[in-house]
Structure formats: structure tokens, C-alpha cells
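To keep things clear, I will list the structure first and then write my remarks on it.
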Amino acid sequence: MDKLKVCIGSNHGINIAQTHMGDTKFFYIYEIFRNSDYFFIDKRINTAIDMDHSNEDKMKSILSIVDDVDILVAEKLSPNFKKIAKTTKYQPIVIKTESIEDGINIICKNFDEIYTQIQNKKSGFINQTILQY
């Protein structure tokens with residue numbers, strides 16, 4: 001079954017943090033399936049939160065915490081999201097909604113587009129697109 005593994009930055013697990021993903025206390029990991037089912041998998045502590053935002057080591061540290069996901073979700077576009085889109089297997093997505101549940105529903109509605117982007121990245125085609133909903 002087709003699925004996406006998603007990381008959402010949040011300070012309390014209810015709302016998507018209204019900041020860059022790297023500036024959130026926690027990363028909430030979900031699996032989302034083509035049929036719109038989704039499951040909470042894990043809550044991970046952002047141990048890189050206090051690193052300087054422009055520091056490339058911060059980006060590397062965060063990616064090592066969430067290395068098993070496909071998608072990184074935040075409410076704000078960051079310079080590191082642009083770098084991630086250009087140079088990694090991860091698909092950054094900016095979602096302009098408050099609740100995590102609403103964000104997941106947006107991903108479900110756009111599953112095919114997002115899944116295609118991920119498959120392209122996995123096959124070596126690094127598209128610099130940052131999806132925004």
C-alpha cells in the first residue's frame with residue numbers, strides 16, 4: 001500500500017508551529033496512506049532547537065533526527081527548506097493551516113502529487129520544488 005512518512009514540527013502536538021520546523025520543540029511523525037488513513041508513529045525531541053538557524057549543522061542535525069521520513073512540514077518557508085529541496089531526498093512542504101489534523105487532511109487531499117514528488121526524488125530526480133498548500 002502506498003504511504004508517506006511525514007514529520008510535522010510542533011511545540012505541543014496539536015498545532016503546526018507557526019515558525020520554521022527547526023525552531024520547534026518536537027517533531028511528530030505520521031504515516032499517511034493513499035486511502036486517507038493516517039497513524040501517529042512517534043514524537044521526537046528537537047535536540048538542535050538552540051543551534052543558530054543559519055548554521056548548516058542545524059539542518060544536518062535535524063535531518064539525522066528524522067532521517068526515516070519522506071516529508072518535512074512547517075508553516076513557514078525557511079532557507080533550510082530551500083537547501084533541503086535542492087540537495088536531499090526529503091520533500092519540504094509549507095502548509096498554511098493551524099492544526100496538525102488539518103495539515104494531514106491537506107496532505108491526504110494532495111497525496112498523488114506529493115507521492116509523485118517523493119518517488120521522483122527516490123529515483124534520483126532532485127526537484128527543487130517546495131510544495132505549498
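Taken as a whole, the condition of being touching a residue at least 60 places away in the same chain (Cβ under 8 Å), more than 10 Å from residue 69 (Cβ to Cβ) and among the polar types (S, T, N, Q) applies to residue 15.
Filtering region 60-88 to residues that are closer than 26 Å to residue 99 by Cβ, touching a helix residue (DSSP H, G or I) at 6+ places or on another chain (Cβ under 8 Å) and assigned to a helix (DSSP H, G or I) leaves 62, 63, 80, 81, 84.
Cβ-Cβ contacts under 7 Å between residues 6 or more apart (or on different chains), taken from a first residue in region 98-113 that is farther than 13 Å from residue 13 by Cβ to a second residue that is among the hydrophobic types (A, V, I, L, M, F, W, C) and in a helix (DSSP H, G or I), are listed as 107/114. A single member of 55, 127 is closer than 22 Å to residue 25 by Cβ, modelled with pLDDT under 95 and polar (S, T, N, Q), and it is 55. The residue that is surrounded by the most Cβ atoms within 10 Å (Cβ to Cβ), counting only those in region 17-59 that are among the aliphatic types (A, V, I, L, M) and more than 22 Å from residue 108 (Cβ to Cβ), is 59.
Taking region 114-129 only, how many residues are without any contact (Cβ under 8 Å) to a residue 24 or more places away in the chain, loosely packed, with under 13 Cβ neighbours inside 10 Å and assigned to a helix (DSSP H, G or I)? Total meeting the criteria: 2. Among the residues in region 88-98, are any over 11 Å from the mean Cα position of the chain (by Cα) and among the hydrophobic types (A, V, I, L, M, F, W, C)? There is no residue in region 88-98 that is over 11 Å from the mean Cα position of the chain (by Cα) and among the hydrophobic types (A, V, I, L, M, F, W, C). Within region 16-39, track down each residue that is assigned to a strand (DSSP E or B) and either more than 14 Å from the chain's Cα centre (by Cα) or modelled with pLDDT under 95 (or both). Once the filter is applied, which keeps residues that are assigned to a strand (DSSP E or B) and either more than 14 Å from the chain's Cα centre (by Cα) or modelled with pLDDT under 95 (or both), region 16-39 yields 33, 38, 39. Note on region 6-56: residues that are β-branched (Val, Ile, Thr) and closer than 24 Å to residue 115 by Cα amount to 6. Going by what's in this entry, would residue 107 be described as in contact with a helix residue (DSSP H, G or I) (Cβ under 7 Å, 6 or more places away or on another chain), surrounded by fewer than 15 Cβ atoms within 10 Å (Cβ to Cβ) and of a type outside the set (Lys, Arg)? The answer is no for residue 107.
The values are calculated or read from the model by the stated rules, or taken from the named source; none is laboratory data. Everything quoted here is computed from the prediction, not taken from an experiment. No Cβ is skipped: glycine too gets one built from the backbone with ideal geometry, and neighbour counts run over all protein chains shown.
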